[in-house]
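Worksheet: one structure, shown below.
Read-outs: derived from the displayed coordinates by stated rules, not from any lab. Keep in mind that what you see is a predicted model, and the values were worked out from it rather than measured. Please note: Cβ atoms are built from the backbone with ideal geometry, for glycine as well, and neighbour counts cover all protein chains shown.
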Amino acid sequence: MKITVVGTGYVGLVSGACFAEVGIEVVCVDVDQKKIDGLKNGIMPIYEPGLEEIVKRNYASGRLKFSTNLGEAIQGSEVAFIAVGTPPGEDGSADLKYVLAVADEIGRTMSDYIVVATKSTVPVTTGEKVRESIKTALEKRGANIPFAVASNPEFLKEGAAVEDFMKPDRIVIGVDDERAEEFMKRLYKPFQLNGDRIIFMDIPSAEMTKYAANAMLATKISFMNDIANLCEKVGANANMVRKGIGSDPRIGTKFIYPGVGYGGSCFPKDVKAIIKTGKQYGYDLKVLQAVEEVNEAQKHVLVQKVKQHFGNDLSGKTFALWGLSFKPNTDDMREAPAIVIIDELIEAGAKVKGYDPIAMKEAQHIYIGDKITYAKDAYDTCVDADALLLVTEWSEFRIPSWEAVGKLLKNKVVFDGRNIYDKKYLGELGFEHYGIGI
Ligand code: UDX
């Protein structure tokens, strides 16, 4: 079986490499020549555990190829996945220009039946637009070649992307063509060793499923952040409340950890986009509007606590900040709460020293620049700092030497944005600990 995957971002590169890993012939296509050259030389455009090994192994075996030539790649491909970016436009709706440009090029260059499946997160009705683009391009060349469109949203989590792809909970496929359904069944067979995980449905439902899943997860987080903030006011402990409610399987233990707000490339963008879709259809998604508001406010909660402790004017103060990426095990800085936290500290006159095990290059290069100084390790961050802020819960921050931290900091104060430290234990060591809702 041969397939083409267009776009070598998170979704495209991980999907392409994992399809090759189970024996499928894959061509990964991108317009970015530098990225493609890099991949041929084993240089990954993103940090993702396990990705480098499978890319290198499958490239060496010849099953995984990289190219900038889409027209050439799709010859002989049974399926073409569109996994290019859908950046949010000014108004929050997903911008489809890259997706539709790919569809147009497929229409201009295809020579045989092909299934064109969107893997990018795209608003409901995009399937129809993709179909129209291909049809128009075919008509322009006077060609009459059959094709099918499908929607195959990707649910992988950054930091666990390879694992999620190889062992999916479910595979959602929206399709309206029997032959395409057969192709997709065959393609995904190797990933379902534990029984049938494919859910076939119509195309709009598949498109909607992706948004509804992310919106529900974002809702759990904002709900819990709201409850945690109230816990603090009434003297309850959000950690206890979390355990108490999570033990009800209808609620579940996952995604109810309060913190500094959700970030990343999916939740913020998808929540905004589904609200926008609602508006376009004259429907107000009120719960999700609140989810977004709570999340925006939550990014400020940690600095509010800093100000409560040190006063509103932070000039002359330096803060040590552990963790920059939006979550552990990734170098992704998109919508990372650390960006907002750093800006707010600087605005109040403070200096910031940051450290992240993986994301510092990305942070300095694109998102934070030289607004802060970058430390060489976690302890170096604390040298002469007035307090420590934990923003991203990387494993290496979980059990630091508090003795060393206490000696390096000017004051034994910790602002724990992810509730990973034991307040009582830190108290016994002479630290003041501020958590979220505890
Ligand atoms: C998410 C979805 O999980 C995935 O299925 C989808 O395909 C893309 O979006 P990802 O953005 O990689 O994946 O990260 P995820 O692990 O879901 O975390 C999202 C954000 O929520 C992070 O900022 C994280 O810190 C935050 N979070 C998560 C919490 O604040 N509390 C929690 O309990 C869980």
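Over all distinct Cα pairs, what is the inverse of the mean 1/r for the stretch 38-153, reported as the Kirkwood hydrodynamic radius in Å? Don't jump to the answer; show the numbers that get you there.
On the way: mean 1/r = 0.0640 Å⁻¹.
By the Kirkwood definition, the hydrodynamic radius is 15.6 Å.
What separates the Cα centres of the stretch 112-145 and the stretch 254-283 is a distance of 28 Å. Sorted on the mean count of surrounding Cβ atoms within 10 Å across their residues, most packed first, peptides 243-256, 20-33, 285-298, 115-128 read 115-128, 20-33, 285-298, 243-256. A simple spin-label model places the labels of K410 and K157 3.9 nm from each other, with each point 7 Å out along Cα-to-Cβ.
Our Cα-only numbers for the chain put the radius of gyration and Dmax at 23.7, 79 Å. With the convex hull constructed from alpha-carbon coordinates only, the stretch 367-438 shows a mean projected area of 5.2 nm² over all directions.
In debye, nearest 20: dipole of the stretch 299-434 around its Cα centre with unit charges on the Cβ of K, R (+) and D, E (-)? Walk me through the numbers on the way to the answer.
Numbers: 18 positive and 21 negative charges, 49 e Å.
In total the dipole reaches around 240 debye.
For the chain, a simple Cβ point-charge model (Lys and Arg +1, Asp and Glu -1, everything else neutral) yields a dipole of about 420 debye relative to the Cα centre.
What translational diffusion coefficient, to the nearest whole µm²/s, does the stretch 99-204 have by Stokes-Einstein, given a Kirkwood radius computed over alpha-carbon pairs, a temperature of 25 °C and 0.890 mPa s viscosity? Numbers along the way, then the final one.
On the way: Rh = 14.7 Å.
The calculation lands on 167 µm²/s.
Electrostatic tally near I438: other residues with Cβ closer than 14 Å to its Cβ, Lys and Arg +1, Asp and Glu -1, net +3. Cα centroid separation, the stretch 24-51 to the stretch 64-100: 14 Å. Translational diffusion coefficient of the stretch 292-377 (Stokes-Einstein, Kirkwood radius from Cα pairs, 4 °C, 1.567 mPa s): 98 µm²/s.
Expressed per residue, the C-alpha convex hull volume of the stretch 228-294 stands at 111 Å³.
With Cα atoms as the point set, the radius of gyration and Dmax of the stretch 202-256 evaluate to 14.4, 49 Å. Our note on the geometry: Cα centres of the stretch 178-199 and the stretch 352-396, 44 Å apart. When you filter the chymotrypsin sites (Phe, Trp or Tyr not before Pro) in the stretch 267-315 for DSSP loop state and at most 13 other Cβ atoms inside 10 Å of their Cβ, you are left with Y281, Y283.
Over the chain, dividing the summed -39,500 (n - 2.57) contributions of all DSSP H runs of at least 4 residues by the number of residues returns a 222 nm mean residue ellipticity of -13000 deg cm²/dmol.
With each label modelled as a point 7 angstrom along the Cα→C-beta vector, the M216-D112 pair spans 3.9 nm. Close amide H pairs (under 5 Å, H built 1.01 Å from N) link V5 with V27, C28, V29, F81, residues at least 5 positions away or on another chain.
For the stretch 312-438, place one equal point scatterer on every Cα, skip the solvent, and apply the Debye formula. What is log10 of I(q)/I(0) at q = 0.12, 0.23 Å⁻¹? Log10 I(q)/I(0), no solvent term: -0.39, -1.50. A Förster radius of 45 Å combined with the Cβ-Cβ distance from H309 to Q289 puts the calculated FRET efficiency at roughly 0.90.
Helix 337-347 and the longest principal axis of the Cα set of the chain meet at an angle near 50°. Near the amide H of V413, within less than 5 Å, lie the amide hydrogens of L388, E432, all on another chain or at least 5 residues away, with H placed in the peptide plane.
In the stretch 200-334, one over the average inverse separation of all distinct C-alpha pairs is 17.0 Å, which is the Kirkwood hydrodynamic radius. Sort the stretch 2-201 into rounded, prolate or oblate with this rule: let a ≥ b ≥ c be the square roots of the eigenvalues of the Cα gyration tensor; rounded if a/c is under 1.5, and if a/c is not under 1.5, prolate when a/b is larger than b/c, oblate otherwise. Rounded is the answer for the stretch 2-201, as its axis ratio a/c remains below 1.5.
Gain in length, I366 to L193, computed as 0.36 nm per residue apart minus the alpha-carbon separation, to one decimal in nm?
Numbers: separation 173, 0.36 × 173 = 62.28 nm, distance 4.09 nm.
Net length gain for the segment: 58.2 nm.
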